[in-house]
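The values are calculated or read from the model by the stated rules, or taken from the named source; none is laboratory data. Nothing here was measured: the structure is a model prediction, and the numbers come from that model. Here the Cβ positions follow ideal geometry from the backbone for every residue, glycine too, while neighbour counts run over all protein chains shown. We work out accessible area using only protein heavy atoms, side chains counted, and drop any ligands, DNA or RNA first. Shrake-Rupley method; radii C 1.70, N 1.55, O 1.52, S 1.80 Å.
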Amino acid sequence: MRVLGIETSCDETGVALYDTDAGLLADALYSQIALHAEFGGVVPELASRDHTRKLLPLVDQVLADAQLTKQDLDAIAYTAGPGLVGALMVGACTAHGMARALDIPVLGVHHMEGHLLAPMLEETAPAFPFVALLVSGGHTQLVDVRGLGDYRLLGESVDDAAGEAFDKVAKMLELPYPGGPQVAALAEQGRSERFRFPRPMTDRPGLDFSFSGLKTHTLTALRQLREQDALDSQARADVARAFEDAVVDTLIIKCRRALKESGRERLVVAGGVSANRRLRETLDVALTKLGARAFYPRGRFCTDNGAMIAYAGAQRLIAGQRSDAIQPRPRWPLAELAPPRH
Ligand code: ATP
Ligand code: MG
Ligand code: FE
């Protein structure tokens with residue numbers, strides 16, 4: 001089955017073609033980063049309009065890359081939520097319109113299920129069951145995954161998502177949006193011995209996270225350095241490093257705990273922050289000691305993309321699942337999903 005995947009939940013327009021026999025055939029991405037950069041964050045109305053402009057040209061591009069036409073498509077999958085309602089609406093309407101015209105099935109996919117399954121597109125794909133750490137701009141969650149659509153939430157952030165904290169700290173450091181990769185690059189020049197920031201909620205049992213206090217801690221550290229007239233480029237890098245170390249350490253402590261408590265031996269790490277190099281390196285070492293192993297998507301499939309939606313959709317479409325109506329769901333808890341009915 002050849003499935004066209006459409007992602008428009010936030011600020012990237014992603015389109016891909018996935019074949020359940022041959023694998024990923026083509027994928028294309030248009031990022032709106034430059035459009036939103038001057039506002040320091042995503043402007044929802046501008047996002048919807050830009051998806052409208054870019055979506056159909058991207059569909060043509062992936063079909064051309066795969067040397068196929070619309071008539072070769074067997075089904076369409078699109079992100080139905082969670083995300084910005086106007087942005088979701090563009091993908092949903094386009095998908096349903098195309099599916100109606102081509103007389104093929106269409107399915108709305110959960111964006112975080114897309115992130116969660118993204119490592120399945122890699123050569124060494126993780127087998128079920130596993131624990132998943134979803135770390136992105138809007139989510140920080142630990143999920144026990146028993147199979148497709150069989151998800152149990154183990155813990156999540158009670159305030160900011162890890163990616164959001166990265167983005168806010170980037171603003172404090174006057175780095176451009178989106179800040180995660182920028183903070184990570186600055187942290188490369190930083191020294192880990194200079195400051196030690198707190199590892200929130202690691203001193204008590206449980207698998208929830210909190211990143212809001214760490215953000216305030218970073219702001220206070222920067223303010224003190226500024227008052228002492230000591231905020232030179234080395235100090236900025238040292239702060240970025242201390243922040244990154246604290247986030248990475250906190251995530252790893254909770255991942256180890258989740259693996260021990262669940263007895264799983266595989267960990268999937270997905271979502272934008274899973275692109276972070278220090279997180280991957282430190283986690284791989286920590287898991288080896290536990291006799292466990294981590295699986296990640298390739299770099300460009302960590303952040304939003306069409307390939308993960310095409311893949312997740314294909315798993316459900318092939319089992320016969322369909323969407324009858326255009327119903328974007330800006331809020332949609334992952335644990336509400338169920339396995340496809342065969
Ligand atoms: P969600 O998936 O929760 O709806 P989103 O789609 O906006 O949110 P993603 O596109 O998955 O999130 O990821 C974007 C986030 O990942 C941003 O917050 C960005 O700063 C962060 N990020 C990307 N690369 C890195 C990196 N190398 N280190 C740290 N954070 C990163
Ligand atoms: Mg994004
Ligand atoms: Fe995302």
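Based on DSSP, what percent of beta bridges with both residues in the chain are antiparallel, to the nearest 5?
Of those bridges, close to 60 percent are antiparallel.
Could you tell me what percent of the DSSP beta bridges with both partners in the stretch 48-144 are antiparallel, to the nearest 5?
Antiparallel bridges make up about 50 percent of those DSSP assigns within the stretch 48-144.
Could you work out how far the C-alpha centroid of the stretch 128-152 sits from that of the stretch 163-210, in angstrom?
If you average the Cα positions of each part, the centres end up 22 Å apart.
At 1.4 Å probe size, what's the solvent-accessible area of residue 193? Round to the nearest 10 Å².
140 Å²
Sorted by average packing, counted as other Cβ atoms within 10 angstrom per residue and highest first, what order do 91-101, 130-140 take?
The most tightly packed comes first, giving 130-140, 91-101.
Note down the relative contact order for the stretch 14-145 as a percent, whole number, built from C-alpha pairs under 8 angstrom at least six residues apart.
18 percent
To the nearest Å, what is the center-to-center distance of the stretch 47-108 and the stretch 267-342, using C-alpha atoms only?
If we compute the Cα centre of each part, the gap is 20 Å.
Length gain on complete extension for the stretch residue 67 to residue 202, per 0.36 nm per residue less the alpha carbon to alpha carbon distance?
43.5 nm
In what order, largest first, do 202, 13 sit by accessible area if the probe radius is 1.4 Å?
Per-residue accessible area, sorted high to low, gives 202, 13.
So for the pair residue 21, residue 192, with labels modelled 7 Å out along Cα→Cβ, what separation do we get in nm?
Result for the modelled spin labels: 4.9 nm.
Go through 218-225, 307-314, 148-155, 103-110 and give me the packing order, highest mean Cβ count within 10 Å leading.
Ranking the peptides 218-225, 307-314, 148-155, 103-110 by packing returns 307-314, 103-110, 148-155, 218-225.
Return one number: the angle in degrees, 0 to 90 and rounded to the nearest 10, between the long axis of the Cα atoms of helix 85-102 and the longest principal axis of the Cα atoms of the chain.
20 degrees
If you roll a 1.4 Å probe over the heavy atoms of the protein chains, what accessible area per residue do you get for the stretch 192-342, in Å²?
Value for the stretch 192-342: 49 Å² per residue.
Taking the chain as the reference, fit the longest principal axis to its C-alpha atoms, fit the long axis of helix 212-227 to the helix C-alpha atoms, and give the angle between the two in degrees, 0 to 90, nearest 10.
The angle comes out near 50 degrees.
Calculate what fraction, in whole %, of the accessible area of the stretch 178-313 sits on carbon and sulfur atoms when a 1.4 Å probe is rolled over the protein chains.
Percent of accessible area from carbon and sulfur atoms in the stretch 178-313: 47.
Please work out the FRET efficiency for the pair residue 232 and residue 37, using the Cβ-Cβ distance as r and a Förster radius of 25 Å; give the result to the nearest 0.05.
For R0 = 25 Å, the calculated efficiency reads 0.45.
Leaving out ligands, DNA and RNA, what percent of the accessible area of the stretch 50-113 is carbon and sulfur, probe 1.4 Å?
C and S atoms contribute 54 percent here.
If R0 is 25 Å, what FRET efficiency do you get for residue 74 and residue 325 from their C-beta distance, rounded to 0.05?
Once rounded, the FRET efficiency stands at 0.75.
How far, in degrees from 0 to 90, does helix 162-172 lean away from the longest principal axis of the Cα atoms of the chain, to the nearest 10?
Between the helix axis and the principal axis of the chain, the angle is about 60 degrees.
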